[in-house]
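S.K.: Once you've had a glance at the structure underneath, I'll fire off some questions.
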Amino acid sequence: MGEDGTTPGEQVLQATIALDGNDTVIAQARHLAADFLTRVQADHGLPVSQRAMDLTQLVVSELVTNAIKYAPGPVLLDVRIVGDTVEVVVWDSDPVLPIARAADAGRVGQHGLEIVIAVCQGFEAQREPVGKRITARIALLDDPGGAVAGRRPL
């Protein structure tokens with residue numbers, strides 16, 4: 001299995017964008033993710049639940065917001081299909097790994113990472129030779145019984 005979670009010869013469906021720090025990048029990133037999942041459905045016939053579409057945009061928004069807010073320089077966003085999940089990968093130039101804070105209903109703001117971890121099947125933060133890479137996985141389909149898809153390690 002390759003670093004991107006695919007087996008040799010497996011087709012990789014992905015969209016990648018480099019973002020600068022201007023005011024429109026978060027909306028631009030959300031649109032990229034939604035357009036990508038829509039194309040995956042239309043062009044490749046892969047089913048994507050509305051929940052997966054919504055959660056992917058939420059996760060992209062939160063991870064890109066954190067990268068723009070805390071890291072100097074550009075941000076790279078990669079959205080790809082790996083098996084039965086959509087994988088959201090955000091790279092930035094700051095090597096400090098994020099840490100989710102303990103839940104605190106009285107705290108205003110700074111709940112983004114808590115939310116991402118709660119809605120994803122898998123979450124990983126790792127240092128790179130320059131900066132860090134955050135990876136989140138979201139199930140493409142809902143559980144047939146209507147249950148929220150469970151969290152699995154990456």
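Just so you know, all these numbers are worked out from the coordinates, no wet-lab data involved. Not measured: the values here are computed from a predicted model. Methodologically, a virtual Cβ is constructed for each residue, glycine included, from the backbone with ideal geometry; neighbour enumeration extends over all protein chains shown.
S.K.: For D43 and Q126, FRET efficiency with R0 = 22 Å and r from the beta-carbon atoms, rounded to 0.05?
M.R.: Calculated transfer efficiency: 0.10.
S.K.: Rank-order 51-58, 71-78 by packing density, defined as the average count of other C-beta atoms within 10 Å over each peptide's residues, highest first.
M.R.: The peptides rank, most packed first, as 51-58, 71-78.
S.K.: Rounded to the nearest 0.05, what FRET efficiency is calculated for L97 and D23 with R0 set to 25 Å and r the Cβ-Cβ distance?
M.R.: Efficiency for this residue pair is about 0.40.
S.K.: State the dimensionless ratio Rg/Rh of the range 53-95 (Rg: radius of gyration of Cα atoms; Rh: Kirkwood radius).
M.R.: 1.01
S.K.: How long, wide and thick is the range 70-129, going by the Cα atoms along their three principal axes, in whole angstroms, largest first?
M.R.: Cα extents, longest axis first: 36, 32, 15 Å.
S.K.: Using the beta-carbon distance between Y70 and Q50 and R0 = 30 Å, what value does 1/(1 + (r/R0)^6) give for FRET efficiency, to the nearest 0.05?
M.R.: For R0 = 30 Å, the calculated efficiency reads 0.45.
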